[in-house]
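K.L.:
Structure below; questions to follow.
Readers should treat all values here as calculations from the given coordinates under stated rules, not as data from a laboratory. Here the structure is a predicted model, which is why all the values come from computation and not from measurement. Cβ coordinates were reconstructed from backbone atoms using ideal geometry, including for glycine residues, and neighbour counts include every protein chain displayed.
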Amino acid sequence: MKSATAVLFLFLAACRLCLAEGGPAANEALRILARDRGAAYNDRIILVSGDRGMDQPAAWYIVAVDGSGVLREFLISRKGILREGPVPSQAIPLVNGVIIPMKQATVDSTIAFMKANEAAKKARIGYDSIIYRLRCRDQKGNPVWTLQLNNAAGQRLAEVTVSASTGKVIQFLAYPVPPPQAAAPQKPQAGEALNRTKEAAGRATQSVGTGLRRTGEWISRKFAPN
C-alpha cells in the first residue's frame, strides 16, 4: 500500500512545478481532456483530484477508463496535458471506483471552494491550502466534492463534503491540530565532523605517545647500569 501511495504522490507532485502560474478550474481541465483525447472520456471519469489548491490546484489529476477498459491517468494544467499513461497496477486500488455521471456533476471546483470557504468561516477556521477530490460517494453514482483544508504545515484542519449536483454542504468535520513535531537533531556538517575526528585522533595519538614515552623511561630505568 505504501508503494502504491508513493506512485500516486509522485505523479501528483509534478503539479507543484506550475504553482506560480495559477491553476484552472476542474471543468477547464475536463474540457482540455475532451478536446485533446476525445469527448468520450468525459463519460468515463472515475476521479478528479487536485492537491495544494490556493484556491485552485496548479494541475488536476484525472483518472478515466479508456476505450479498452484500462484505467488511464492524466495530469492537466492550463498548458494542456502534462503527463498521461496507464495507472500503475499497484495504484489501481487507490483510484478505482464508480464512473462519475458528469451530467449530474454540475458543481465545478470553484463553487465547491466557495461552499467550503463559507463553512470554514462559520467555524472560524483559517487554512492555507486545499486538497480536492471529486468522485462518487456510493455505488448509486452520487458525485461529491471532498475538500480537505490544510494549514501551512500540510496538517488537516477540516474536511468539507459538497454535493457535486446541488452544491449543498453535506458534511463538515473539524479536526484538532496535531502538535508540531520535534525537530530532528541536526547532523554535524562534514567539516565539523572531520575536525572532531581529527581532534579525537590527536588526543588518542597524544595519549599513546605519552604512554610509550613513560614505558620507555621505565625500561631505561629498569635495565640501565647502576
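K.L.:
Tell me the label-point distance for the pair residue 43, residue 139, using the 7 Å Cα-to-Cβ offset, in nm and rounded to one decimal.
P.N.:
Computed distance between label sites residue 43 and residue 139 equals 2.4 nm.
K.L.:
Which of the pairs 115/140; 79/103; 140/168; 122/168 have their Cα atoms more than 20 Å apart in this structure?
P.N.:
Listed pairs above 20 Å: 115/140; 79/103.
K.L.:
Further question on the same structure: Expected output is a single nm value to one decimal: the length gained when fully extending between residue 121 and residue 92, i.e. 0.36 nm times separation in residues minus the C-alpha distance. What is it?
P.N.:
6.8 nm
K.L.:
Taking R0 as 35 Å, what FRET efficiency do you get between residue 106 and residue 68 from their Cβ-Cβ distance, rounded to the nearest 0.05?
P.N.:
0.75
K.L.:
What are the residues whose amide H is under 5 Å from the amide H of residue 158, where those residues sit 5 or more places off or on another chain and H is modelled from the backbone?
P.N.:
149, 175
K.L.:
Provide the convex hull volume over Cα atoms per residue for segment 2-174, in Å³.
P.N.:
111 Å³
K.L.:
Based on the Kirkwood radius over alpha-carbon pairs, what value in µm²/s does the Stokes-Einstein equation return for the translational diffusion coefficient of segment 52-142 at 20 °C and 1.002 mPa s?
P.N.:
Using the Kirkwood radius from Cα pairs, D works out to 142 µm²/s.
K.L.:
Next up: For segment 48-104, what's the radius of gyration and Dmax over Cα atoms, in angstrom?
P.N.:
12.2, 36
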